[in-house]
Amino acid sequence: MPQYRYAYDRNETLVDALSLSRVGDAELDLAGRGPFRCAGCDAEVIARVKGEKKIKHFAHKARTTCSEETYLHRLAKQTFYDVYRACLDDNEPFTITLVHPQVCNKLERYLERKCPKGTMEKSYDLTCYWDSIVLERRDGEFIPDVLLQDSQGKYGKVYVEVAVTHFLSDRKRASESRIIEIPIEKEEDIARISSRHLTEADASFLNFPRKAALIPDEGCSCSLDSFYCLFIYQNGRSVLTYGTMREIITDYASNAKSLAYSRLMTRPASSVSYLSRGDVFKELLQEAQDEGFPVRNCLLCRYAGKGFSSFSGQPVFCKYKKKGCGTNEAVNCEAFLPPRRDDREVPR
């Protein structure tokens, strides 16, 4: 028959067998708190605490088919209720620790995005937001194991679910409710709940906002990353620059008065190493064209073919003039003709 560490006493309070005395007032202690009943099947159990060799436990008084899964499930949700209720009554915290993305916005004006900078942990006291707790109360179409509520109506509700062998249904997982799902495999896992602190190693947290945290400017290393940047000058010439963010910003500041358009490839050069310089140049030129900027560049001409190389000074072969040329000859070329949408071959 199953032997369990926890049981209910005559006052419907969960009792840990390890907390019961072995000597001295053991009989009086047990008599004052018994009879005990199983936290799983409600049958009467006996506290086995007198021996020195065996670990203290509760044993069923009569043969039973008590399910350990049911026992663990009921034990965990009752423990969560008791611990959280005590936190509310004693004005003590019950915290969770969530992992948040960390970003830097120092160069957002140039990158047009925030730079991802790993993650950070942030702790929250649940009792500061949800000041009411009930067991198995229906909420719409669902009946959560435990329901946390906010008497002020500011923060909505939280479902607390215990997962022994059955985890969240797809329907409940797809809901917009905040959900804390706590996996329990054995009695020792109850200590996670009793600790009054859950991390993402202890539970799953669904639909809890994970707002990105900003790191200080001094923690930014974006200026040392290398990028590609397209500059189109007022005379129509297009230039693809490459360098660190710090170098590109300096270059931009030096040429700002003569520039008509600029576009930074927001992915660092290291992340697009599979692209040739010609690929990058044409991608940025096409972005400018798609945005409505009147780009004239041989890479976007319908007559563009592959030249010798991007290092020869003639990376494009003009099929119309039947000669090699630089990419900016299209600025003053009467034969320039933008390509069809499905005709975007990149000279390499």
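Specify the residue that is farthest from Gln3 (Cα to Cα); the eligible residues are those in the range 161-182 that are without any contact (Cβ under 8 Å) to a residue 24 or more places away in the chain and assigned to a strand (DSSP E or B).
Here the answer is Glu161.
For residues that are of a type in the set (Lys, Arg) and at pLDDT 75 or above, scanning just the range 1-42, find the one that is surrounded by the fewest Cβ atoms within 10 Å (Cβ to Cβ).
Looking at residues that are of a type in the set (Lys, Arg) and at pLDDT 75 or above, I get Arg10.
If we only count strands (runs of 3 or more DSSP E) wholly inside the range 237-325, which ones have 3 or more residues that are without any contact (Cβ under 8 Å) to a residue 60 or more places away in the chain and under 27 Å from Cys220 (Cα atoms)?
Ranges flagged: 238-244, 259-264.
Just need a number here: residues in the range 254-269 that are among the hydrophobic types (A, V, I, L, M, F, W, C) and open to solvent by 40 Å² or more (accessible area, probe 1.4 Å).
Number of matching residues: 2.
Under 8 Å between Cβ atoms, which residue pairs at least 6 apart in sequence (or on different chains) link something in the range 135-151 that is free of Cβ contacts under 8 Å to residues at least 60 places away in the same chain with a partner that is polar (S, T, N, Q) and assigned to a loop (DSSP other than H, G, I, E, B)?
Going by the 8 Å Cβ cut-off, the qualifying pairs are Asp139/Ser177; Phe142/Ser175; Phe142/Ser177.
Which residues, taken from the range 183-221, are among the acidic types (Asp, Glu), open to solvent by 50 Å² or more (accessible area, probe 1.4 Å) and assigned to a loop (DSSP other than H, G, I, E, B)?
In the first step, residues of the range 183-221 are kept if they are among the acidic types (Asp, Glu); the result is 185, 187-189, 200, 202, 217-218.
With open to solvent by 50 Å² or more (accessible area, probe 1.4 Å) added as a condition, the list becomes 185, 188, 200, 217-218.
Scanning the range 183-221 gives Glu185, Glu200.
Considering only residues of the range 222-250 that are in contact with a strand residue (DSSP E or B) (Cβ under 9 Å, 6 or more places away or on another chain), closer than 15 Å to Cys104 by Cβ and open to solvent by 50 Å² or more (accessible area, probe 1.4 Å), which is modelled with the lowest pLDDT?
Leu224
If you scan the range 131-160, which residues turn out to be of a type outside the set (Val, Ile, Thr), open to solvent by less than 10 Å² (accessible area, probe 1.4 Å) and either part of a strand (DSSP E or B) or farther than 16 Å from Phe205 by Cα (or both)?
Leu147, Leu148, Tyr159
Out of everything in the range 68-119 that is at positive phi and modelled with pLDDT under 90, what residue ends up being most open to solvent (accessible area, probe 1.4 Å)?
Glu112
The values are calculated or read from the model by the stated rules, or taken from the named source; none is laboratory data. Keep in mind that what you see is a predicted model, and the values were worked out from it rather than measured. Reconstructed Cβ throughout: ideal geometry from the backbone, glycine too, with neighbour counts over all protein chains shown. Each accessible area value is taken on the protein alone, full model and side chains, heavy atoms only, with ligands, DNA and RNA left out. Shrake-Rupley method; radii C 1.70, N 1.55, O 1.52, S 1.80 Å.
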